[in-house]
Amino acid sequence: MISNNPKIVILSCFIFVLLPLISFNTLQGKFTRNQLIGKGNPDIIGDSYTSKMHKNAKNAFLKMKKEAAKEGINIEVVSAYRSFQRQKEIFERKYKRYTKQGLSPEQAINKIIEYSTIPGTSRHHWGTDIDIIDANATRPKNVLVAENFYDDGPYCKLKEWLDLHSEEYGFYEVYTNNPNRKGFKYEPWHFSYAPVSKPMLQEYKTLDLKTILKEEKVLGNEYFSEEFISKYLKENILDINPKLL
Ligand SMILES: [Zn+2]
């Protein structure tokens, strides 16, 4: 109904102009330090390692999964939300193994960060990022290997479908196959729900990573030099698909 009252007309125009800004701003600035580093998040739903996700990401994922199923693809999540504690266990297990094999602490850390993150810096802490495969395909021994997603690989059909459709559901590949990209190696299985992860990354960038990595006790963290942390931030955290920045 169109009002003849000029005050109401002005007010409703005002609301229409402001609404998109308000909904964007509700996400900006609402994440706490602990939420951003994987220490609790009230928006996470689900009860297992493969089902815990940010509620908005989960809704979008279920829509995407339903659509892919029509093409005979059964999208299965092998990793979703991961807490700080879980990432710490992964990191420390690798750190112990590599240093036992004779690598120096610095060499061990550099080897770990080819694929794994330092606790407190994983995008999986946000509940927006998922590692996915096709449960309808014959399962290889190691699922998260890039070759599986190409040529005759078991997940090439999934990959082709995701390349065409994932962005329609808000999911973007994070660690792309761009040869000029630094940081983490190519991960054709890792997708991020941009409507939530983009504002989270913006907020994450305002954290003082050097202090956090000093405060949070993780095996080997005394070897994270300032230079190392700056490089890690620039290459591993920020050198990703530009559509997610
Ligand atoms: Zn991942």
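The values are calculated or read from the model by the stated rules, or taken from the named source; none is laboratory data. The structure displayed is predicted, hence computed values, not measured ones. When we count neighbours, we look across all protein chains shown, and the Cβ atoms used for this are built from the backbone with ideal geometry, even at glycine. Surface areas here come from the heavy atoms of the whole protein model, side chains and all, with no ligands, DNA or RNA. Shrake-Rupley method; radii C 1.70, N 1.55, O 1.52, S 1.80 Å.
I'm trying to understand the selection: among the residues of segment 63-99, which are in a helix (DSSP H, G or I) and surrounded by fewer than 14 Cβ atoms within 10 Å (Cβ to Cβ)? Selection gives 63, 66, 69, 85, 89, 93, 96, 97. A single member of 218, 196 is in contact with a helix residue (DSSP H, G or I) (Cβ under 8 Å, 6 or more places away or on another chain), open to solvent by less than 30 Å² (accessible area, probe 1.4 Å) and closer than 21 Å to residue 105 by Cα, and it is 218.
Among the listed residues 164, 144, which satisfies the condition of being more than 16 Å from the ligand (Cβ to nearest atom) and either in contact (Cβ under 8 Å) with a residue 60 or more places away in the chain or not acidic (Asp, Glu) (or both)? Don't jump to the end; show me each part of the working.
Working: 144 fails: more than 16 Å from the ligand (Cβ to nearest atom).
Result: 164 is the single residue among 164, 144 that is more than 16 Å from the ligand (Cβ to nearest atom) and either in contact (Cβ under 8 Å) with a residue 60 or more places away in the chain or not acidic (Asp, Glu) (or both).
Of all residues in segment 100-122 being under 21 Å from residue 211 (Cβ atoms) and among the aliphatic types (A, V, I, L, M), which is surrounded by the most Cβ atoms within 10 Å (Cβ to Cβ)? Out of the qualifying residues, it is 118. Taken together, the residues in segment 106-136 that are within 12 Å of the ligand (Cβ to nearest atom) and among the aliphatic types (A, V, I, L, M) amount to 3.
Report whether or not residue 128 is in contact (Cβ under 8 Å) with a residue 40 or more places away in the chain, open to solvent by less than 10 Å² (accessible area, probe 1.4 Å) and under 20 Å from the mean Cα position of the chain (by Cα).
On the way: in contact (Cβ under 8 Å) with a residue 40 or more places away in the chain: yes; open to solvent by less than 10 Å² (accessible area, probe 1.4 Å): yes; under 20 Å from the mean Cα position of the chain (by Cα): yes.
Taking the combined requirement at face value, the residue satisfies it.
All of (1) assigned to a loop (DSSP other than H, G, I, E, B); (2) in contact with a helix residue (DSSP H, G or I) (Cβ under 8 Å, 6 or more places away or on another chain) hold for residue 166 with one exception: (1).
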